[in-house]
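Asker: A single structure is presented below for examination.
Quick note: the coordinates plus some simple rules give every number you see, no bench work behind them. Note that this is a predicted model, so its numbers are computed, not measured. For neighbour counting, all protein chains shown are included, and Cβ atoms are generated from backbone atoms with ideal geometry for every residue, glycine included.
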Amino acid sequence: MVTRRSSSDGKLRPFKWPSMESIIDIPDAHGSDEVFGFCKFSHDALNNEVIYVTAMRDRGGSIVKWNTTTWKRISSKYVVKDPISAFTMSDDGIFLAM
């Protein structure tokens, strides 16, 4: 299991649970004008582990999909003009609820 920590210094740090061993330290995760919120680990159509994260930008709320092996952004989808106040995914990664 992986958990993550982000802070106001702009770094994103995913950790293995329960050992809290740092997996990677992404120094400029907040390098853009995004503010990250909720997250949910899931699997994509090819059964790869991904994480979905809510992000607030100047135009509104988006859902960002990240690869948990490389920690590269896979996609981003603008979904609402207001901040996202609740977020979850189905266990199979098919359905998203806000």
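Asker: Please give the contour-minus-distance gain from S85 to T70: 0.36 nm per residue of separation, less the Cα-Cα distance, rounded to one decimal in nm.
Answerer: Working: separation 15, 0.36 × 15 = 5.40 nm, distance 2.78 nm.
Computed gain between S85 and T70 is 2.6 nm.
Asker: For D58, what is the net charge nearby, where nearby means another residue's Cβ is under 15 Å from its Cβ and Lys, Arg count +1, Asp, Glu -1?
Answerer: Charge balance near D58 sits at 0.
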